[in-house]
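Working notes for the structure below.
Bear in mind these aren't lab numbers, they're just calculated from the coordinates by the rules spelled out. Bear in mind the structure is a predicted one, so any value in this text is a computation, not a measurement. Positions of Cβ are generated from backbone atoms using ideal geometry, with glycine treated the same way; all protein chains shown enter the neighbour counts.
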Amino acid sequence: MESRTSEVPFSADWEAVRWVTSKPRELFHSLPFEAEVFGEEPYEVRLRVKKRLLSFTFTGRLNVAFAESTATYVMKGPKGLLILSASVDGSTLVSRASADLVERFVGKKLEALVRGFALAVCRFSESYRRIVGKILPMGENEFYVRDLWEGDIPHLIRYLRFALGRRSFTLVGEGRGKFRVEAKDGIVRSFEHTDSSGSAIVEVNKPFLDVGEDDFSGLGISGEYIVRLL
């Protein structure tokens, strides 16, 4: 069995990782490569990674297990066995991909899988931890958000993308001024903000996993907002 590991700096906690990994359908749909989960456990799973000369596909059945601050996805299919795991080690998220497959160049393929998996678990867990205590559902696709500031915006976008499972949406917030986020096909396209001092439009054009606090700095967002997902 071959294995590859990816370690990334991490600012959330195990509770956040467990919340994210306990939703494999939402997580797989949010990975930075083609991945889908169907049905109920044992889920049906389909993965496809294609980067330059590297191509990898896997289909099979997925079971999820949790033990000692580690989430493990065990997938069995016609090609063999594939395992993805995520655990928290202080301020580091450690992810591992292991496989026993009828496949050539497995190591390179595992490297691509584990990097994308680690990044997604890390980003969505950090955004969950940042936003979950600030947001309150008010109705279908409408939320009250308290103590929101500009540094929260990428985390709010990621949290709603994950929780609602939508790759394309328009997010509108009203409070101290107004803001509008446009996202399409997994890319955050633009951010518009208007208040008493004027308006600004930021062309972001980054995947959900890559948007950061610097993309929304200096816009003066703070306080309570009613947020609607269109």
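Expressed as a whole percent, how much of the Cα-Cα distance distribution for the range 1-123 exceeds 24 Å? Walk me through the numbers before you get to the answer.
Details: 1421 of 7503 pairs.
Counting pairs separated by more than 24 Å, the tail of P(r) holds 19 percent.
For the chain, max minus min Cα coordinate along each principal axis, in Å, sorted largest first?
So the extents along the principal axes, rounded to whole Å, are 62, 37, 32.
Please give the charge dipole size of the chain, origin at the Cα centre, charges +1 on K and R Cβ atoms and -1 on D and E Cβ atoms. Round to the nearest 20 debye. List each step's numbers first, then the result.
Values: 33 positive and 32 negative charges, 185 e Å.
Value, rounded to 20: 880 debye.
How many angstrom lie between the C-alpha centres of the range 116-173 and the range 190-213?
Between the Cα centres of the range 116-173 and the range 190-213 lies a distance of 15 Å.
How many nm is it between the label spots at SER168 and TRP14, if each spot is 7 Å from the Cα in line with the beta carbon?
That separation, rounded to one decimal, is 4.1 nm.
Going from the alpha-carbon gyration tensor of the range 100-169, what semi-axes, largest first and in whole Å, does one get by taking the root of 5 times each eigenvalue? Spell out each step's value before the answer.
Details: eigenvalues 230, 35, 15 Å².
Over the Cα atoms of the range 100-169, the ellipsoid semi-axes are 34, 13, 9 Å.
Is it possible to state the helix-based mean residue ellipticity at 222 nm for the chain, with each DSSP H run of 4+ residues giving -39500 (n - 2.57), the sum divided by total residues, to the nearest 500 deg cm²/dmol? What is it?
-7000 deg cm²/dmol
Can you tell me the FRET efficiency between LYS178 and GLU213 if r is taken as the Cβ-Cβ distance and R0 is 22 Å, rounded to the nearest 0.05?
Plugging the Cβ-Cβ distance into 1/(1 + (r/R0)^6) gives 0.65.
Once Rh is set to the Kirkwood radius over Cα pairs, what Stokes-Einstein translational diffusion coefficient, in µm²/s, holds for the range 135-229 at a temperature of 20 °C and a viscosity of 1.002 mPa s?
It diffuses with D of about 163 µm²/s by this estimate.
At a Förster radius of 41 Å, what calculated FRET efficiency corresponds to the Cβ-Cβ distance of SER55 and SER91, to the nearest 0.05?
0.75
What shape does the range 1-64 have by the C-alpha gyration tensor, where a ≥ b ≥ c are the square roots of the eigenvalues, rounded means a/c under 1.5, and otherwise prolate means a/b greater than b/c and oblate the rest?
Verdict is oblate for the range 1-64.
With label points built 7 Å along Cα→Cβ from the Cα atoms of ARG46 and VAL102, find their separation and express it in nm.
Placing both labels 7 Å beyond Cα along the Cβ direction yields 2.1 nm.
Would you list SER127, SER6, SER22, SER91 from fewest to most Cβ contacts within 10 Å?
By the 10 Å Cβ count, ascending, the order reads SER91, SER22, SER6, SER127.
SER197 to ASN63: extension gain in nm, 0.36 nm per residue of separation minus the Cα-Cα distance?
Full-extension gain reported as 43.0 nm.
Taking other Cβ within 10 Å of each residue's Cβ, how do ARG158, ARG228 sort, fewest first? Walk me through the numbers before you get to the answer.
Values: ARG158 24, ARG228 16.
The order, fewest Cβ neighbours first, is ARG228, ARG158.
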